[in-house]
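The block underneath contains the structure these notes are about, expressed in structure tokens.
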Amino acid sequence: MEKLIITAALVGAEVTRQQTPYLPLSPREIANEAKKVRDAGASIVHLHMRDDLGNPSQNQSLFAEAISFIQSETDLIIQVSTGGAVGMTAEERVQPVTLSPEMASLSTGSVNFGEDVFSNPLPMVREFAQACLNFQVKPEVEIFESGMIQNALSLMRQGLLQEPVHFNFVLGVPGGMPATAKNLLFLLDLIPSSSTWTVSGMGRHQLSMNTLGILLGGHIRTGLEDNIYYRKGVLAEGNFPFVNRLVKLAEILERPVASPLEARKILGLSPITKDM
Ligand code: KMH
Ligand code: ZN
């Protein structure tokens with residue numbers, strides 16, 4: 001098996017400081033959190049930003065500030081979100097891609113998202129995929145529903161996604177595909193054999209999905225974006241406790257953890273950190 005890539009989704013768009021006091025919000029706080037997860041063993045950070053009031057924002061300057069801190073203080077692979085928050089316009093959402101980060105998330109279809117709809121019509125998905133090509137950004141294809149894999153395959157046929165494609169199975173979003181072993185195995189059967197993949201489980205499903213990812217030879221995403229509880233009723237005191245636990249688990253399961261340099265090789269990224 002390849003070495004294990006751990007992604008930390010540090011902030012997200014939905015979690016609030018009312019829910020957990022450990023959520024980083026400003027670019028400086030987010031960069032501090034990035035340093036801690038790097039020290040713990042993560043090699044990718046998935047980034048969202050918040051404005052002064054703590055509301056989700058895709059503002060380019062906020063991303064630029066956080067990215068500049070993270071790049072000068074760590075060798076992490078930076079993956080910006082193009083998902084943003086439900087209700088944002090395409091123009092808002094695509095902004096951080098224009099900074100040419102190494103990676104960006106790319107959802108290839110729409111899905112119910114709790115009481116809302118996370119809307120990703122195909123013309124917009126193609127526009128985001130084209131932006132990734134223009135700015136030399138590797139997409140991480142976010143799969144909330146199996147139909148999104150079919151859309152990703154047609155983007156590949158259209159030349160808008162290049163092999164090897166990296167997928168992230170986001171399981172357990174209310175209204176999306178439930179976080180079960182059966183569903184993960186079903187999805188794995190649908191992706192091209194050249195692909196790499198990671199798995200995220202929402203809420204209490206985070207640890208079980210991550211464990212399956214380690215065992216099945218995939219990669220794993222953890223972090224406060226997906227889950228704020230370390231265990232039932234106990235808040236995680238930041239993102240790094242999750243990473244620490246997964247590194248220990250991987251060690252027990254004899255799966256070595258990839259450094260950012262090794263992760264770049266696995267994902268087909270340039271070994272050199274991008275200058276942005
Ligand atoms: N906040 C969700 C609506 C992504 O980052 O690409 C979408 C999301 C996915 O978080
Ligand atoms: Zn996200």
- Message: Just to check your reading of the model, which residue among Leu253, Leu184, Leu190, Leu216 is in contact with a strand residue (DSSP E or B) (Cβ under 7 Å, 6 or more places away or on another chain) and of a type in the set (A, V, I, L, M)?
- Response: Leu184
- Looking at this structure, is Phe242 under 19 Å from Thr108 (Cα atoms), outside any loop (DSSP other than H, G, I, E, B), among the aromatic types (Phe, Trp, Tyr) and open to solvent by less than 40 Å² (accessible area, probe 1.4 Å)? no
- Matching residues in the stretch 7-37 - criterion: being touching a residue at least 40 places away in the same chain (Cβ under 8 Å) and either farther than 28 Å from Val117 by Cα or of a type in the set (Gly, Ala, Ser) (or both): Ala8, Ala9, Gly12, Ala13, Arg28, Ala31, Glu33, Ala34, Lys36, Val37
- Query: Hey, among the residues in the stretch 217-246 that are closer than 17 Å to Glu33 by Cα and of a type in the set (Val, Ile, Thr), which one's nearest to the chain's Cα centre (by Cα)?
  - Reply: Thr222
- Message: Can you say whether Val199 is crowded, with 22+ Cβ neighbours inside 10 Å, of a type in the set (A, V, I, L, M, F, W, C), under 30 Å from Lys248 (Cα atoms) and at pLDDT 95 or above, as far as the supplied structure shows?
- Response: yes
- For Ala42, indicate whether it is open to solvent by less than 10 Å² (accessible area, probe 1.4 Å), touching a residue at least 40 places away in the same chain (Cβ under 8 Å) and closer than 21 Å to Glu262 by Cβ. yes
- Note on the structure: The condition from (1) over 22 Å from Arg38 (Cα atoms); (2) in contact with a Pro (Cβ under 7 Å, 6 or more places away or on another chain); (3) not charged (D, E, K, R) that Ala104 misses is numbered (1)
- Query: Among the residues of the stretch 16-31, is there at least one that is open to solvent by 30 Å² or more (accessible area, probe 1.4 Å), closer than 20 Å to His219 by Cβ, more than 16 Å from ligand 1 (Cβ to nearest atom) and touching a Leu at 6+ places or on another chain (Cβ under 9 Å)?
  - Reply: no
- Test each condition in (1) surrounded by 20 or more Cβ atoms within 10 Å (Cβ to Cβ); (2) away from ligand 2 (no atom under 16 Å from the Cβ) for Leu10 and report the one that comes out false. (2)
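Condition check ((1) in contact with a Gly (Cβ under 6 Å, 6 or more places away or on another chain); (2) surrounded by fewer than 19 Cβ atoms within 10 Å (Cβ to Cβ)) across all residues:
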| residue | (1), (2) |
| --- | --- |
| Asp116 | no, yes |
| Phe128 | no, no |
| Gly147 | yes, yes |
| Ser193 | no, yes |
- Subset tally (residues that are more than 15 Å from Ala13 (Cβ to Cβ) and either within 13 Å of ligand 1 (Cβ to nearest atom) or open to solvent by less than 30 Å² (accessible area, probe 1.4 Å) (or both)) for the stretch 71-93: 5
- Of the listed residues (Ser107, Ser154, Ser81, Ser119), the one being polar (S, T, N, Q) and without any contact (Cβ under 8 Å) to a residue 12 or more places away in the chain is Ser154
- Query: For the stretch 245-276, what are the residues that are among the charged types (D, E, K, R) and part of a loop (DSSP other than H, G, I, E, B)?
  - Reply: Glu254, Arg255, Lys274, Asp275
- Note on the structure: Counting only strands (runs of 3 or more DSSP E) entirely within the stretch 75-191, those with at least 3 residues that are within 14 Å of ligand 2 (Cβ to nearest atom) and under 18 Å from the mean Cα position of the chain (by Cα) are 77-80, 103-107, 138-143, 166-171
- Task: Name the residue, out of Ser43, Ser61, that is modelled with pLDDT of 95 or more, within 16 Å of the chain's Cα centre (by Cα) and away from ligand 2 (no atom under 16 Å from the Cβ).
- Result: Ser43
- Task: Tell me which residues, restricted to the stretch 149-159, are in contact with a helix residue (DSSP H, G or I) (Cβ under 7 Å, 6 or more places away or on another chain) and open to solvent by 20 Å² or more (accessible area, probe 1.4 Å).
- Result: Asn151
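The values are calculated or read from the model by the stated rules, or taken from the named source; none is laboratory data. None of these values were measured; they are calculated from a predicted model. Don't worry about glycine lacking a Cβ; one is built from the backbone with ideal geometry, like all the others, and counts go over all protein chains shown. Accessible surface is based on the protein model in full, side chains and every heavy atom, while ligands, DNA and RNA are left aside. Shrake-Rupley method; radii C 1.70, N 1.55, O 1.52, S 1.80 Å.
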